[in-house]
Each structure stands twice: as C-alpha cells, then as structure tokens.
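Structure first, then comments.
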Amino acid sequence: SKLKRNPVCCGIKGVDGSFHLIEAGRRLSEQLKLWSEKMNMDNIKKPETVSITHLHLGHIDGLGQFGKEVMNVKNVKLHASKSMIELILNTPKWNKLVDDNILIPTQFKSNEPIQISENLVITPIQVPHRDELTDTHAFLINGPEKSLLYLPDHDSWEETLDCVEKETVNEWFESLGIEIVLLDGTFWSKNELPRQ
C-alpha cells in the first residue's frame, strides 16, 4: 500500500481511558480510525476535548465532521484562545456547531494550564506565526510519566525564542522539562527554499 500523509493532528489517550485531540484536520475520520487501532481502543466515538493551535485551514477544517452529518456527537469541549473563539462564533458554519451543542467553546490563556483529564494537563504557549486571523499557540502536554511540546507552526526560531524569552532552542526545551518535541519538520528555516 502507498504511504499516506495526513494533515498535522495529535491524539492523546488519558490514563483514565479518555481521548483528547489537538487539531481537527480534513482527514479526521481516517486519523480516528488509525488511533483506535494503535491505542487498542475498540472505537473512538468522540474525543472529550479538542484543542486548537490556530485557525489556519489545515488545523480546523475537520471541525464540521463532529456535526450530525458525520459523527453526530455532542458536548466536545473546544479549547481555543479568545481570538479563535471569537472567530468561530462569528463564522456561520462553525457557529452552528456551537449553537447545536456539538462544540462547547472553552477559552484558554497563554501559559495557564488546562486540566483535561485526571492525569493530563495541557498548557498553551503563544508563538509567533502568520496571525492574520487569530493568534497561534504551541501546547506543552504533561502526562503522568512524560511530557512533550507540540509545535506545528511558528515563523522563525529567532522570533519564537524572543517570544518565550530564551536564548537557544535547547534552553527553551530544557526549561519546559520535556522529553519529546513534536515539531513541524518541513523546514528548519524559512530561508531554506527561496520560493517558500
């Protein structure tokens, strides 16, 4: 079979059996099926929470799949920043998901931890990115045994390090106490390909 590439997305299984999602891309149904198999779960009916880094299309164009036309779920907590929630509430196709109690917007603030299950904490960290629609956040994810940084988008290390007030990438990672970094690996620098 051919290698399939999916948009950026992260699934997290809590110790309590809960399931949490970061991002909701267009291949969401395929990713949920894959995660069910890999995490030895019979079937992921719905995530308890969805946390969104920012509102560029590849990170949110699967939100509609939670609606009655596809998954038909209710009361999925949607963790997002103030600017993201405002845009969702002012966009008809996403606002309908809120009006129908499919998504429950839950505002987060940068650097304030969110307890999403008994042993699972996510802390949003604002990072610089093309913020023409909303602000952008990385997520520090702390579980009972390991912690990781989920950083799918940021504009440059220089700007990001300035934003988090650190001198080097390693200094930042060490200050977070993380073992794992999930990093957008497309390019190390925006200068690698002149056309990008």
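The values are calculated or read from the model by the stated rules, or taken from the named source; none is laboratory data. In this text the structure is predicted, and so the values were computed from the model without any measurement. In this analysis, Cβ positions are derived from the backbone assuming ideal geometry, glycine residues included, and neighbour counts consider all displayed protein chains. What goes into the accessible areas is simple: the full protein's heavy atoms, side chains included, and nothing from ligands, DNA or RNA. Shrake-Rupley method; radii C 1.70, N 1.55, O 1.52, S 1.80 Å.
Of all residues in the stretch 1-27, those satisfying the criterion of being among the hydrophobic types (A, V, I, L, M, F, W, C) and modelled with pLDDT of 80 or more are C10, I12, V15, F19, L21, I22, A24.
Here N95, N75 are screened, and the one residue that is at positive phi and not small (G, A, S) is N75.
How many of the residues making up the stretch 80-107 are in a helix (DSSP H, G or I), within 17 Å of I125 (Cα to Cα) and open to solvent by 90 Å² or more (accessible area, probe 1.4 Å)?
Residues meeting the conditions: 1.
Just checking, how many residues over the stretch 166-186 are open to solvent by 80 Å² or more (accessible area, probe 1.4 Å) and in a helix (DSSP H, G or I)? First the steps, then the outcome.
Taking the stretch 166-186 as the starting set, the residues that turn out to be open to solvent by 80 Å² or more (accessible area, probe 1.4 Å) are 167, 170, 174, 179, 186.
Subsequent filtering for residues that are in a helix (DSSP H, G or I) retains 170, 174.
Counting residues in the stretch 166-186 that are open to solvent by 80 Å² or more (accessible area, probe 1.4 Å) and in a helix (DSSP H, G or I) gives 2.
Tell me yes or no: at least one residue of the stretch 56-74 is of a type in the set (S, T, N, Q) and farther than 16 Å from C10 by Cβ.
Here is the first cut: in the stretch 56-74, the residues of a type in the set (S, T, N, Q) are 65, 72.
Keeping just the survivors that are farther than 16 Å from C10 by Cβ gives 65, 72.
Yes, the stretch 56-74 contains a residue that is of a type in the set (S, T, N, Q) and farther than 16 Å from C10 by Cβ.
Within the stretch 109-165, the set of residues being out of contact with any helix residue (DSSP H, G or I) (no Cβ under 7 Å at 6 or more places or on another chain), open to solvent by 90 Å² or more (accessible area, probe 1.4 Å) and on the phi < 0 side of the Ramachandran plot comprises K109, E112, P113, Q115, E118, R130, E132, E145, K146, E158, D162. Checked against (1) in contact with a Cys (Cβ under 7 Å, 6 or more places away or on another chain); (2) part of a loop (DSSP other than H, G, I, E, B), K68 passes all but a single condition, namely (1).
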